[in-house]
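The values are calculated or read from the model by the stated rules, or taken from the named source; none is laboratory data. Since this is a predicted model, take the numbers as computed values, not measurements. So basically every Cβ, Gly included, is an ideal-geometry build from the backbone, and we count neighbours across all protein chains shown. Please note that ligands, DNA and RNA were not included when accessible areas were found on the heavy atoms of the full protein model with its side chains. Shrake-Rupley method; radii C 1.70, N 1.55, O 1.52, S 1.80 Å.
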Amino acid sequence: IGILLIGQYDIQQFYIQTVSMCLGMLLFCFIIWFIGDLKRVAKSRRFIGLIAILIFIINLVIAKDINGAKNWIHIGALSIQPSEFVKIAFIFVGASSLDRLQTTRNLSSFIGFAALCIGALFLMKDFGTACVFFVAFLVIAFMRSGSIRTVILACSAAAIGAFMILQFKPYIADRFAIWG
């Protein structure tokens, strides 16, 4: 209904939205097929992680600052928010490492990947998405370790990070106040 309403006023936007919706459905079908084989996902974990970091680097280089955040890439009439694709990659990488998180090396690599993602979101000033990534990290870490101590440690680190953000970027508190 929304696409039809857009089509009443702007036929170009109607075509853009329709093509975007179809591409989204194709991506959805591909993801469903891809996760059907967990061994394939586990084997692709590092590649998916590297692609996610590459997407963030591209975003940091070519995105334009809009309303204080640098999280949209405009290609012609299309605009893309790359962090949405990285959310999917983050879940893939985290979920495929669940069976290996007991070792310190694998936990450290996942923590490093999470830190790179959240650090890139910090540079992009996309703190809402960073919160989503952090909650996903907490769930994945807790599901594997079962340790509330891990969650408390991560939340303590996040509280220190939030305090630092509010100290050096006080306008963020205003954005959350407006949202509230």
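Structure notes:
- Nearest 10 degrees, 0 to 90: helix 148-168 Cα axis against the chain principal axis: 60 degrees
- In degrees, nearest ten, helix 104-124 long axis to first principal axis of the chain (Cα): 40 degrees
- Of the peptides 27-34, 90-97, the ranking by mean beta-carbon count within 10 Å, highest at the top, reads 90-97, 27-34.
- The C-alpha atoms of the chain define a longest principal axis, and helix 83-96 lies at about 30 degrees to it.
- Label-point gap, in nm, between R46 and Y15 - each point 7 angstrom along Cα→Cβ: 4.4 nm
- The solvent-accessible area of C22, taken with every protein chain present and a 1.4 Å probe, is close to 60 Å².
- Shape descriptor for the chain: Rg over Rh equals 1.01 (Cα atoms; Rh from the Kirkwood inverse mean 1/r).
- The residues of the chain have, on average, 65 Å² of accessible surface per residue, using a 1.4 Å probe with all protein chains present.
- Highest to lowest packing among 133-141, 39-47, scored as the average C-beta count within 10 Å: 133-141, 39-47
- Cross-link reach list, aspartates and glutamates versus K87, counting only Cα pairs under 15 Å and skipping chain neighbours closer than eight places: D126
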